[in-house]
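Okay, structure first, notes after.
The values are calculated or read from the model by the stated rules, or taken from the named source; none is laboratory data. Everything numeric here is computed off the predicted structure, so don't read it as measured data. FYI the Cβ positions are ideal-geometry reconstructions off the backbone, even for glycines, and counts take in every protein chain you see. Areas reflect the complete protein model, heavy atoms only, side chains present, ligands, DNA and RNA absent. Shrake-Rupley method; radii C 1.70, N 1.55, O 1.52, S 1.80 Å.
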Amino acid sequence: AIVDSREFWVTHKKDDAIEANKPTVEKIEAVEKMLAAPAPDAQAVQAALKQEVGAACRQCHEKYRVRDAENNWVLKPGSIGG
């Protein structure tokens, strides 16, 4: 989904979100690599998800997203313009 979101941000000309996308994808790929190891370290994976991926995702979510009534992430009203 994060890879697909890049085109959305490009379409809506949100340069900060576009710039945040690449390192976020890189952090997700690093966790995927950890999981693909013969004996993944569960604690290290959980820490990377929380500290690296979570922080990267939070950067964009804090600016452009809110939770709806069902606790799903949705676009913050007015965040992408008219």
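Looking only at region 16-35, residues that are open to solvent by less than 80 Å² (accessible area, probe 1.4 Å) and farther than 17 Å from Ile2 by Cα come to 1 in all.
Of the residues in region 36-68, how many are open to solvent by 100 Å² or more (accessible area, probe 1.4 Å) and either modelled with pLDDT under 90 or out of contact with any strand residue (DSSP E or B) (no Cβ under 9 Å at 6 or more places or on another chain) (or both)? First the steps, then the outcome.
Residues of region 36-68 open to solvent by 100 Å² or more (accessible area, probe 1.4 Å): 38, 43, 46, 50-51, 58-59, 62-63, 67.
Of the ones still in play, those that are also either modelled with pLDDT under 90 or out of contact with any strand residue (DSSP E or B) (no Cβ under 9 Å at 6 or more places or on another chain) (or both) are 38, 43, 46, 50-51, 58-59, 62-63.
Looking only at that region, the number is 9.
Figure legend. Inter-residue proximity from region 1-13: first residues within 13 Å of Ile28 (Cβ to Cβ) and open to solvent by less than 100 Å² (accessible area, probe 1.4 Å), second residues of a type in the set (Ser, Thr, Tyr) and part of a helix (DSSP H, G or I), beta-carbon distance below 7 Å, spacing 6+ or different chains. Indicated pairs: Ile2/Thr24.
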